[in-house]
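As structure tokens, the structure follows; a few thoughts come after it.
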Amino acid sequence: MRVVPLSDHPGDMLKQALRREDQQHQRALTKYEAAVKRHKTEVRKAEQARDQARAQRRWLAWLRTALGLRRIRRQAPVPPTAPVASMPTNEQAKLAAGVRGEQFVADELGRDLGDDWVLLRGYKNRRGEIDHLLLGPSGLVAIEVKNINGTVHCNGDVWRVDKYDNYGNLVEQSAIGDKSGRQRSPSEQLNEPADELEQFLRSRGEDVGVLRVVLLVHSRSEVGDCSKATVNIYTRASEVIRLVGKVKQPFNPATRKRLEQLIIRDHKHHANRGASGGRRR
């Protein structure tokens, strides 16, 4: 299976998070260095006042300035704590898990699919981003990878996760959605750009149905009660392979090559759209 990296959204977000942490640390260091300079100036002034009082034998003033000097020295600025590489923040841990999850899916699919399959990673259009597009002789599959620790339930496009402790007790229930203003569920995050992709291909003479899969990759992910699901929901990459084995469009080599070129061109257009402002080509 060939892999074509179009973009690396989780990886880019992880780099941005690490960069933000480094920038915050650098700002804290700058503030600390400025505070150290101010503190040294205050110490020198207090030392001069103490020494002057001693030279003039003003013992009460000397005692007062000596105590003040001791107090000022105790108020020395505390240096900021440096980031510890082995202890990532919660945000970084989640992003790193997402990166590992997407790579795991690529590795699992690559073990069982031959060279007539291609995995396009990080496709983007105006409706969103699709983690993986799997294109081969028997179809085109859009795959959204989710690293969700818990049992996933859904009713149509409304999703929630139940989390249990090690003793099987329910400890948390929460809705599943992205950070957009509408809080799109995983199925909506996948269906919206997949629908847009279908429309684009159809406008280019390719009447292609895009299969949709939300793949839960966390080791404790389970699929609970799902009714009226608008996508396939799996917990193993092998289920994706079985899906493409059952559903055949089919695509000959020339069609696959043309679809791959169209997908790459469409992705590049939307990736550069903000800068170029051009029309879809």
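The values are calculated or read from the model by the stated rules, or taken from the named source; none is laboratory data. Keep in mind that what you see is a predicted model, and the values were worked out from it rather than measured. Note that we place each Cβ from the backbone using ideal geometry, even for glycine, and neighbour counts take in every protein chain shown.
Okay, here's what the table says:
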quantity: Qualifying residue in the stretch 163-179 (condition: without any contact (Cβ under 8 Å) to a residue 60 or more places away in the chain, closer than 30 Å to T255 by Cα and either among the basic types (K, R) or surrounded by 15 or more Cβ atoms within 10 Å (Cβ to Cβ) (or both)); calculated: no
quantity: Selection status of L135, more than 23 Å from the chain's Cα centre (by Cα), crowded, with 17+ Cβ neighbours inside 10 Å, within 23 Å of S238 (Cα to Cα) and in the same structural domain as A254 (by TED's automatic domain parsing); calculated: yes
quantity: Members of the stretch 220-235 found to be more than 18 Å from D195 (Cα to Cα) and either among the aromatic types (F, W, Y) or without any contact (Cβ under 8 Å) to a residue 24 or more places away in the chain (or both), listed by number; calculated: Y234, T235
quantity: Single condition H269 does not satisfy, out of (1) touching a Ser or Thr at 6+ places or on another chain (Cβ under 9 Å); (2) not in a helix (DSSP H, G or I); calculated: (2)
quantity: Check on V145, in the same structural domain as R212 (by TED's automatic domain parsing) and crowded, with 21+ Cβ neighbours inside 10 Å; calculated: yes
quantity: Residue within the stretch 41-56 that is at pLDDT 85 or above and either within 30 Å of D178 (Cα to Cα) or outside any helix (DSSP H, G or I) (or both) present; calculated: yes
quantity: Residue among E196, E188, E206, E192 that alone is part of a helix (DSSP H, G or I), surrounded by 13 or more Cβ atoms within 10 Å (Cβ to Cβ) and without any contact (Cβ under 8 Å) to a residue 60 or more places away in the chain; calculated: E188
quantity: Residue that is nearest to L190 (Cα to Cα) [pool: residues in the stretch 209-229 that are surrounded by fewer than 17 Cβ atoms within 10 Å (Cβ to Cβ) and among the polar types (S, T, N, Q)]; calculated: S227
quantity: When residues of the stretch 144-166 are limited to those that are part of a strand (DSSP E or B) and farther than 14 Å from S185 by Cα, the one modelled with the lowest pLDDT; calculated: Y164
quantity: Only one of E192, E206 that is of a type in the set (D, E) and touching a strand residue (DSSP E or B) at 6+ places or on another chain (Cβ under 6 Å); calculated: E192
